[in-house]
Structure formats: C-alpha cells, structure tokens
Amino acid sequence: MRAAVLYARREPFAVEEVRLVEPGPGEVEVQVVASGVCHSDHHQWVRAAGVPLPAVLGHEGAGVVASVGPGVSRVRPGDHVILVFGARCGRCSYCRRGEGNLCRPEPPRARLFAGDQPLLQFTGLGTFGERAVVSELNCVPIRADAPLAEAALIGCGVTTGVGAAINTARVEPGANVAVIGTGGVGLNVVQGARLAGAARVIAVDVRANKLELAREFGATHVVDASREDPVAAVQRLTGGDGADYAFEVIGGAATIRQAVDTVRRGGTAVVVGVAPDDETISLPAALLTRNGKRLVGSWYGSSNPDVDFPRLVDLVMEGRLKLRELVTRRFALEEINEAFRALEAGEVARGLVEYSR
C-alpha cells in the first residue's frame with residue numbers, strides 16, 4: 001500500500017510503498033476512503049516537539065472495513081466507519097464515565113513499516129495512507145447512505161468544533177457567542193452555536209475569505225481582527241457587556257487572553273485551539289474571581305464518538321449541518337505536499353485527500 005511518510009520536520013512528505021501488518025486480536029483493517037488535512041497534522045509537521053519520526057500523519061478519516069482480527073465484535077467487513085483518533089482502552093475510569101477522549105493508554109504495537117523501519121501511526125490512525133490497521137475501539141460504524149468521503153471530517157474538525165459549543169460550553173438559546181479563528185474547526189464552532197440557538201454568532205479572523213465562509217456557516221456578524229480590536233468590536237456588538245461564550249480556535253496565548261477579555265462578567269472562555277506544549281498564559285486572578293469569568297479547555301469537543309458521530313451524520317443527512325461545504329479543495333495522495341502548502345497559506349477551510357482519485 002502507499003502512504004505519505006514524514007521523515008523530517010518541514011521537509012516534503014515521501015509518498016511511497018509501505019508494509020501493513022495483518023490485524024491482530026481486537027484490531028481492524030480499514031480501507032481509507034478519505035482523510036482531512038487538519039492543523040493538528042500541520043503542528044506535527046512544523047513543531048520540533050512533535051511525535052517521533054518517521055511517521056504517517058493523518059487523524060481525520062473514514063473508510064470501509066476490509067478485514068477484522070480475532071475477537072472483534074464492533075464492526076464487520078463492509079461496514080462504513082468514521083475513525084476515532086487517539087487510543088481508547090475501554091476500561092479506565094475515563095472510558096467508564098464516557099470520557100474516552102481523555103484516555104491515555106499505552107501506544108499500540110507497530111503496524112506500519114518502511115522496509116524494516118517501524119512507522120508511527122499518528123494518534124493510532126495514520127490516515128495519510130491507503131489502509132490502516134487500528135483498534136476496533138477506533139471505529140464507529142455509520143449509516144451506509146451517508147457521504148463517506150466527507151464524513152471523514154466528522155472524525156476531528158466537525159466533532160471538535162460542534163462539540164465545543166454543545167458539549168463543553170453547553171451554549172443555550174439566545175446566547176451571544178464569539179468565535180476567534182474560523183478555520184475548519186472554528187467554522188464548526190459557528191455551526192454548533194447556530195444549532196444550539198445562539199442569538200449572535202460573531203466570527204473573528206484576520207482573513208476575509210474565512211470570514212465570508214463563517215457567514216455561510218451561520219455567523220451573524222464578522223470582525224476583521226486585522227483592522228479593528230476584536231475585544232472592543234465584540235463588546236460593541238453585544239451592547240457593551242461582551243459575549244456569553246468566546247471560543248479560541250487558534251492555539252496561542254494572545255488569542256486565549258482575547259477570548260477571556262471578550263466574555264462578559266460571568267461568561268465562559270473555551271480554549272479549543274492546540275497551543276505548543278511550552279506556551280503559557282498569564283491572567284489576573286480577579287478575572288476569574290471578582291469578575292466570575294470561567295476559562296475551560298475542550299479536547300475533541302468533550303465528545304463520546306460512539307454517540308456523537310452517528311448523531312452528527314443524521315444532522316448532515318437532515319440538512320441541518322453543513323459537511324460538503326467544508327471541503328474547499330480535494331487532493332490525491334500524491335498531492336499531499338500541495339495540500340499542506342494550501343493549509344499553511346490559509347487558502348482552505350478543509351482540504352480532503354481522497355484515495356479514489
């Protein structure tokens with residue numbers, strides 16, 4: 001099978017033949033139909049403190065079950081599945097309370113090789129390859145009539161964004177919401193706030209093309225942060241108080257502080273963006289005490305994929321959640337380096353690598 005292998009940071013991917021092992025006990029082989037190109041993949045490409053290399057990146061995928069190992073009961077060959085990134089043991093206290101997104105089990109065995117060299121599968125998946133052997137716990141079966149290629153985006157960006165609004169923040173009808181950063185995940189925070197019935201959804205970005213997309217996905221107002229102070233703009237648009245909820249979807253100390261400053265007294269700032277491991281933030285304690293503000297983190301949209309993935313698919317099929325519209329460009333695997341260039345340049349909401357192309 002072919003895969004895009006990353007051997008060195010900020011170097012081009014090598015699209016080459018690799019060897020995939022047969023699925024073992026509790027494992028599933030999936031023929032990957034499509035993989036989204038996410039900023040979390042870009043972080044691994046650019047940040048020195050990323051995962052060990054060489055690696056096959058890609059963590060936002062969907063496909064068809066090709067074969068199963070001994071003892072697999074969740075899926076069977078032919079099932080359409082969305083892949084859940086990150087390993088889940090199914091036994092720890094986090095998994096038992098429905099917080100499998102916070103499970104941190106031991107890494108799985110090596111399943112991919114370039115010659116005799118083991119290749120790390122990013123988040124236990126490695127969807128920048130034509131096939132993947134994964135734990136059955138990483139597979140969520142979905143209805144067969146759903147658009148499978150686009151459903152890959154539910155594996156990360158859609159769930160992370162919609163879930164941040166609905167599961168983490170629990171935005172209520174009539175609320176005022178600000179979304180700082182309207183890339184692929186930010187657009188889904190906008191969608192989640194709209195689904196929750198927010199009165200105002202204020203999109204903040206420095207790129208005009210992304211703000212225009214935000215309007216299409218449900219933003220009622222947009223703020224170009226390259227031209228005006230976003231905190232003052234949000235306060236003006238909400239009658240002077242500030243937003244009830246502000247979502248930071250970039251991953252940086254400065255924009256996290258903007259989110260905190262953007263919410264009213266008693267409001268909630270939600271950090272969705274993935275900042276570098278050494279990034280720190282400093283806040284006056286009075287913001288969280290005397291002003292009653294809340295600062296919370298959201299990982300994977302506080303989701304339970306076994307429940308949330310099928311629900312999101314149903315919303316797509318009912319026309320209540322945009323999915324195809326998220327895909328700005330489609331790429332073949334051989335175009336993976338162009339996909340990363342477009343992502344870094346801010347040209348796409350989501351790029352999609354399709355293996356049928």
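Over all Cα atoms in the stretch 108-178, the spread is summed up by Rg and Dmax: 17.1, 58 Å. Potential lengthening of the chain between SER282 and GLU212 amounts to 22.0 nm, from the contour at 0.36 nm per residue minus the alpha-carbon distance. With semi-axes defined as the square roots of five times the eigenvalues of the C-alpha gyration tensor, the equivalent ellipsoid of the stretch 158-300 measures 19, 16, 16 Å, largest first.
Based on the alpha-carbon gyration tensor of the stretch 273-315 and its eigenvalue square roots a ≥ b ≥ c, which shape applies: rounded if a/c is under 1.5, prolate if not and a/b is larger than b/c, or oblate? Mind showing how you got there, number by number?
Values: a/c = 4.84, a/b = 2.00, b/c = 2.42.
Taking the square roots of the gyration eigenvalues as a ≥ b ≥ c, the stretch 273-315 is oblate.
For the stretch 218-320, trypsin sites (Lys or Arg not before Pro) are listed when DSSP marks them as loop and at most 14 other Cβ atoms sit within 10 Å of their Cβ; the list is ARG227, ARG290, ARG320.
If each residue of separation counts as 0.36 nm, what is the full-extension length gain between ALA48 and ALA254 once their alpha-carbon separation is subtracted?
72.1 nm
Extension gain, SER73-CYS92: 0.36 nm per intervening residue step, less the Cα-Cα distance, totals 4.9 nm. When shorter helices are ignored and each DSSP H run of at least 4 residues is given -39500 (n - 2.57), the per-residue value for the chain at 222 nm works out to -6500 deg cm²/dmol.
For the stretch 155-234 versus the stretch 81-98, the spacing of their alpha-carbon centroids is 28 Å. Relative to the longest principal axis of the Cα atoms of the chain, helix 184-196 runs at roughly 60 degrees. Taking GLY184, GLY218, GLY346 as the candidate residues, the one with maximal mean-square fluctuation in a Gaussian network model of the chain, Cα springs under 10 Å, is GLY346.
Take the Cα coordinates of the chain, assign each an equal point scatterer, and use the Debye formula without solvent to give log10 I(q)/I(0) at q = 0.06, 0.08, 0.11, 0.14 Å⁻¹. Summing over Cα pairs of the chain leads to -0.21, -0.37, -0.71, -1.12.
If I build a Gaussian network model for the chain, linking alpha-carbon pairs within less than 10 angstrom, which residue out of HIS80, HIS59, HIS43 has the largest mean-square fluctuation? Result: HIS43 has the largest fluctuation of those listed.
For GLN117 and GLU334, the FRET efficiency from 1/(1 + (r/R0)^6), where r spans their Cβ atoms and R0 equals 22 Å, is about 0.55. The convex hull defined by the C-alpha atoms of the stretch 265-338 has an orientation-averaged projected area of 8.9 nm².
Each of SER67, SER356 has some number of other Cβ atoms within 10 Å of its Cβ, and from fewest to most they run SER356, SER67.
If you take the Cα centroid of the stretch 314-357 and the Cα centroid of the stretch 279-312, the two points sit 27 Å apart. Mean separation of Cα pairs under 8 Å and 6 or more residues apart, divided by the residue count, gives the stretch 302-357 a relative contact order of 34 percent. In units of the compact-protein estimate 2.2 N^0.38 Å, the stretch 305-348 shows a Cα radius of gyration of 1.53. Restriction of the trypsin sites (Lys or Arg not before Pro) in the stretch 89-123 to DSSP coil positions whose beta-carbon has at most 13 other beta-carbons within 10 angstrom yields ARG91, ARG97, ARG109.
Here, each number is a calculation from the coordinates, and none is a lab measurement. What you see is a predicted model; the values in this text were computed from it and never measured. Please note: Cβ atoms are built from the backbone with ideal geometry, for glycine as well, and neighbour counts cover all protein chains shown.
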